[in-house]
Amino acid sequence: MTDDDGRRTPATTLAIEPMTAEDLSEVVEMEQVSFATPWQKQDFDRALAQPGGLCRVARQGDALVGYAVGYRVQEEYHLTDLAIHPELRGRGLGGALVDVLLGELSGLGVRVVSLEVRASNDPATRLYKRRGFQTIAVRRDYYREPTENAVVMLKPMEGSLSDYIARAHPSCDTP
C-alpha cells in the first residue's frame, strides 16, 4: 500500500505502546539482529528507569515489529535507538512508528527532536528527512564496529530550524 505521496504504508494496523520490562527479551533479541554494536538488556533497563525516558514498542498483532527509545530533557527529545525487524524493513513500519512518536512528543510540549544516524544508513536518513529532520553536523568516528561517522539531525516540532534556534538561543541573533 502507498499513501498519497507514493510512500509505502503498513499493510496492517500498527499498535504503538509503552515499552515495559516484559518486552525486553523480544526487544533485546531484535536489537542483536539489527545493529553491529547492539545495546544489552541493562541498557534498556536504564532507558526504562531514566527520568524523561520515553520508550515505545510497535506491534502487529502479538508480534513485536519495532521499537523506539529516547529521553526527554526539558523541551528536547533525543532519539537514541530505533529499530524495525530486519525482515520487515521497507514496508513503512519505521515511518509509522516515527510518525506516532512525533505526534506523542508534540502533545508533551517537546520543541525539538535530535538523533544520530550512521552516515551509511541511507534508508534511515531518507525516512528522517521525509519527516522534517535536517542534518546539522557530522560526528567523526562516532560509531564502532565498523568505525563510521554519525550524521546529527534535528527536527523542530514547529516552524523552521532557524526559527527554533533563534527562539532557543536569542543571543545568536544578529543586530
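The values are calculated or read from the model by the stated rules, or taken from the named source; none is laboratory data. From a predicted model like this one, the values you see are computed outputs, not experimental measurements. We place every Cβ from the backbone using ideal geometry, glycine too, and count neighbours over all the protein chains shown.
Regarding V69, is this residue under 22 Å from Y142 (Cβ atoms) and in a strand (DSSP E or B)?
It is true that V69 is under 22 Å from Y142 (Cβ atoms) and in a strand (DSSP E or B).
For a quick check of your reading: which strands (runs of 3 or more DSSP E) sit entirely within segment 94-175 and have at least 2 residues that are surrounded by 15 or more Cβ atoms within 10 Å (Cβ to Cβ) and touching a Leu at 6+ places or on another chain (Cβ under 7 Å)? Explain how you work it out, then say what you get.
Numbers: elements: 112-118, 134-143, 148-156.
The qualifying strands (runs of 3 or more DSSP E) are 112-118, 148-156.
State which residue pairs qualify: first residue closer than 9 Å to C55 by Cβ and touching a residue at least 24 places away in the same chain (Cβ under 8 Å) and inside segment 14-27, second residue among the β-branched types (V, I, T) and not in a strand (DSSP E or B) in any location, beta carbons under 8 Å apart, and separation of 6 or more residues or different chains.
Hits for this filter: M19/V27.
Which of (1) within 21 Å of L154 (Cβ to Cβ); (2) crowded, with 18+ Cβ neighbours inside 10 Å is the odd one out, the single condition D23 does not satisfy?
Evaluating D23 over (1) within 21 Å of L154 (Cβ to Cβ); (2) crowded, with 18+ Cβ neighbours inside 10 Å leaves (1) as the failure.
Could you tell me which residue of segment 140-175 is farthest from D81 (Cα to Cα), considering only residues that are polar (S, T, N, Q) and at pLDDT 70 or above?
Step one: filter segment 140-175 for residues polar (S, T, N, Q), giving 147, 149, 160, 162, 171, 174.
Okay, now just the ones that are also at pLDDT 70 or above, so 147, 149, 160, 162, 171.
Details: T147: 18, N149: 16, S160: 25, S162: 26, S171: 32 Å.
Applying the filter and picking the extreme gives S171.
Based on this model, can you work out whether L154 counts as in contact with a Lys or Arg (Cβ under 8 Å, 6 or more places away or on another chain) and either closer than 28 Å to Q32 by Cα or of a type in the set (A, V, I, L, M) (or both)? Walk me through how you get there before you give the answer.
Working: in contact with a Lys or Arg (Cβ under 8 Å, 6 or more places away or on another chain): no; either closer than 28 Å to Q32 by Cα or of a type in the set (A, V, I, L, M) (or both): yes.
Spelling it out, it is not the case that L154 is in contact with a Lys or Arg (Cβ under 8 Å, 6 or more places away or on another chain) and either closer than 28 Å to Q32 by Cα or of a type in the set (A, V, I, L, M) (or both).
Taking segment 56-90 as the region of interest, how many residues are within 18 Å of P123 (Cβ to Cβ), surrounded by fewer than 22 Cβ atoms within 10 Å (Cβ to Cβ) and aliphatic (A, V, I, L, M)?
1
Are there any pairs with C-beta distances below 8 angstrom linking a residue in segment 72-97 that is free of Cβ contacts under 8 Å to residues at least 60 places away in the same chain to a residue that is among the acidic types (D, E), with the two at least 6 apart or on different chains, and if so which?
D81/E31; A83/E31
E76 versus (1) closer than 24 Å to A150 by Cβ; (2) in contact with a Leu (Cβ under 7 Å, 6 or more places away or on another chain): which is the lone unmet condition?
It is condition (2) that E76 fails.
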